[in-house]
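**Student:** This is the structure, below, for whatever I ask next.
Each reported figure results from applying straightforward, stated rules to the coordinates on display, with no laboratory input. Being a predicted model, the structure only gives us computed values, none of them experimental. Glycine gets a Cβ as well: all are built from the backbone with ideal geometry, and neighbour counts include every protein chain shown.
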Amino acid sequence: MTDPFARSSAPEQPLYGAPLYGEPYGSPSGPQAGARNRVGGTALALGIAAIVLFWVPFVGALLGVAAIVFATRGRRRVHRGEANNNGVAVAGLATGIVGVVLGTIFTMVVMYFATEITDYSHCMEQASGEASAEQECVRQLTDRLTERLGG
């Protein structure tokens, strides 16, 4: 019967993050050494920003495109063995695509209704806080939108 508490003759593996013998504390070691993971992380950050800012015409879509470009570069680095954060790069790709779709749709809607939005804004400025004039601006906008949408 073997003693379960007996020491193995094999050298002990260092704990995760612990330095190997002769290396200063905090130096990279193991499979993480030399990994260039910033591109995937940048893609994810840009993708999240694209989703958050989709409502700003053009900005969400442009940030989403940048996220897709960075995610593609990050995934290439993973496949070449230069990085090890494929999941982050894929998440950047997914959020970038969502940002492009939302940003493009919102930009198209704003451009389609640009005249109505501008006219409504001018009308509200001229109303200068008078309730009846503001209600007339809302009525005019509603009528124009109903006409534009074929209702």
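**Student:** Show the residues, 5+ positions off or on another chain, whose built amide H is closer than 5 Å to the amide H of ALA83.
**Tutor:** Close amide H contacts, sequence-distant or interchain: ARG36, VAL78.
**Student:** Taking the beta-carbon count within 10 Å as an exposure proxy, list TYR112, TYR120 from fewest neighbours to most.
**Tutor:** In increasing order of surrounding Cβ atoms, one gets TYR112, TYR120.
**Student:** I'd like the Karplus ³J(HN,Hα) series for region 105-110: coefficients 6.51, -1.76, 1.60, θ = phi - 60°, whole numbers in Hz, and an x wherever there's a Gly or Pro.
**Tutor:** 4, 5, 4, 5, 5, 4
**Student:** Continuing with the same structure: State, to one decimal in nm, how far the label point of GLU136 lies from the label point of MET124, with both points 7 Å from Cα in the Cβ direction.
**Tutor:** 1.8
**Student:** Report the local net charge at LEU46: Lys and Arg +1, Asp and Glu -1, summed over other residues whose C-beta lies under 14 Å from its C-beta.
**Tutor:** Net local charge, LEU46 excluded: +2.
**Student:** Separate question: When SER121, SER128 are ordered from fewest to most other Cβ atoms inside 10 Å of their Cβ, what list results?
**Tutor:** Listed from fewest to most nearby Cβ atoms, that is SER128, SER121.
**Student:** Further question on the same structure: ³J(HN,Hα) across region 74-81 via Karplus (A = 6.51, B = -1.76, C = 1.60, θ = phi - 60°), whole Hz, x for Gly/Pro?
**Tutor:** Result, ordered by residue: x, 5, 4, 5, 5, 5, 7, x Hz.
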